[in-house]
Structures are given as C-alpha cells and as structure tokens.
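Take a look at the structure below.
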Amino acid sequence: MTTHASYSPSRLAFNFTRGALMYVGPIWMLVLAVVATITAIINAVGTVSDSILDFATMPPRYWMLGLGIVLIAMCFQPYIAVGFTRRALSITLVITIPLISIALALLIASAYYAETLVYDAYGWEQSIEGAHLFASPDQFGLVFLESLLVYIAHFVAGWSIAILFFRMRWMFAVVCAIGVYCLAAVVELAVGAGWPGRVSGLIVGNEDVDLAIGLPVALIAIAVAVAVAWRVTSRAPLPNHHS
C-alpha cells in the first residue's frame, strides 16, 4: 500500500499541479467567453476603448490565494500524520507554486496578446487601468513577468494564512494573516498590478513601473513571504497536539 510518506516532493508537486490545472482550462475558457460577450455588447451600444481583459485578470490571483489555503487545509494534517515531513511539504509547495503560476501567467500573457490583435483589427483603443510593468499589452514578456510575480505572491500568501491557523490561536492568526496578505499587496504595488496598482495610478498617475525598482521589491517581498511560510510550517503542530 502506498502512503503519503512514500511520495517524493517532486512527485507530489506534479500531482498537485496536474490537479489544479485540470480546472484552469475550462474556467479560463469561460472567462474568455464572458470577455468576448462583454466586448461585443459594448461594441454594439458604443465604442470599445478599454481592455476588457484587464478586469478579467483580477480573479485568478484570488483563486491562487484560495488554492494555497485549500492545499494546506486539506493536506497538512493527513500528510504529516503518516510521516511526510514538514520540510518535505514545504519543498513540495515551493515546487508547486512556480509550476502553476507559470501556466496561469502564460495564459494571461497569451490572452492579452490575442486581445491586442483583435483590437488592432477593429481599430479599437486598448487602454489599461493603473501603472504596470508593461507599457502595452502586446509586450508578452513583461505581461508574463508581472502575472507570474503576482500569482506566486498570492499562492504563498494563501499557504502562509492557512498554516498560521495550525500554528496559532485564531485571534493571533487573523492578525498575522493580514500582515502576510500585505506582502502580496506589496508585490502588486511594486509591479503596478491589482487594486494596489490602481490606487498608486490614481495617486501618482498611470506611469509605467520602473522594472529596475519594481522587480527587486517584488522578489524581496516574495522571499520574505516564503521564509515566513516555511518557518511557520516547520513549527506548526498537528491540531490534536495543539494546546
């Protein structure tokens, strides 16, 4: 009989990634269908002047946040209880996070590029809200990089938030969870994405984010978040051992 302890981190990470990506394709096709419908309606009653996809890219980051929470909530107790070490679980998540994030970021960058082609064909203006790493949605590499950093940050935040509730009493966990989420918000602010990017755009104008500043800040915030999640995971007790 195969137990959780017999799984290597890389194998388990592959299984987690495969399971998560089973839902990404159908969900993203539904999102694209909704975007296409909204675009067609706007074009029928007026003039398309904004990127509809820019608003549709918000939910995936919160899906990543939820995914990080769900994986820990579902896997921590049963896997640790049968001998899968906390270190191995942390390694598994460190492998899983970029794999899923890369897949999602590729989808976002490809969708932006496809939207650009459609807008150009019809002569529509494709304006983007907020400051971003990219000046234009057809800058595939920068769109990919921004999305990748944001998705990694939110997955790590979800991991941290979930494990905090194993490590601490719920009142302290809630307070610490807010701080952990703030690290994901710092990443968004650094790359000009999400609501922090929109707020900064309103304050300082929708100027492109300086890659030389935004990228190091985002990487430092992610590194701190991973360190916090790793440290808390290494000390988190099983619920029946919690005093």
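The residues on offer are W159, W124, W170, and the sole one that is in contact (Cβ under 8 Å) with a residue 40 or more places away in the chain and within 30 Å of Q77 (Cα to Cα) is W159. Screening I69 against (1) touching a Leu at 6+ places or on another chain (Cβ under 7 Å); (2) among the aliphatic types (A, V, I, L, M); (3) in a helix (DSSP H, G or I) leaves a single unmet condition, (1).
Within region 158-189, restricting attention to residues that are among the charged types (D, E, K, R) and at pLDDT below 85, which residue is surrounded by the most Cβ atoms within 10 Å (Cβ to Cβ)? Of everything passing the filter in region 158-189, R167 is surrounded by the most Cβ atoms within 10 Å (Cβ to Cβ).
Checking each residue in region 118-137 for being part of a loop (DSSP other than H, G, I, E, B) and of a type in the set (D, E, K, R) picks out E125, E129. Out of A105, A88, A114, one residue alone is over 29 Å from S49 (Cα atoms), of a type outside the set (K, R) and either free of Cβ contacts under 8 Å to residues at least 24 places away in the same chain or part of a helix (DSSP H, G or I) (or both). It is A88. Regarding P78, is this residue exposed (fewer than 12 other Cβ atoms within 10 Å of the Cβ), under 21 Å from I161 (Cα atoms) and touching a residue at least 40 places away in the same chain (Cβ under 8 Å)? Criteria met by P78. Taken as a whole, the structure places I91 among residues that are over 27 Å from A212 (Cβ atoms) and either under 13 Å from the mean Cα position of the chain (by Cα) or of a type outside the set (S, T, Y) (or both). Name every residue in region 40-67 that is of a type in the set (V, I, T), in contact (Cβ under 8 Å) with a residue 24 or more places away in the chain and loosely packed, with under 12 Cβ neighbours inside 10 Å, in order of residue number. Result: T47, single match.
Residues that are at pLDDT 85 or above, among the hydrophobic types (A, V, I, L, M, F, W, C), within 23 Å of the chain's Cα centre (by Cα) and farther than 24 Å from L189 by Cβ occur at least once in region 112-119.
The values are calculated or read from the model by the stated rules, or taken from the named source; none is laboratory data. A quick note: this is a predicted structure, and the numbers were derived from the prediction, not measured. Here Cβ is always computed from backbone atoms with ideal geometry, including for glycine, and neighbour counts include all displayed protein chains.
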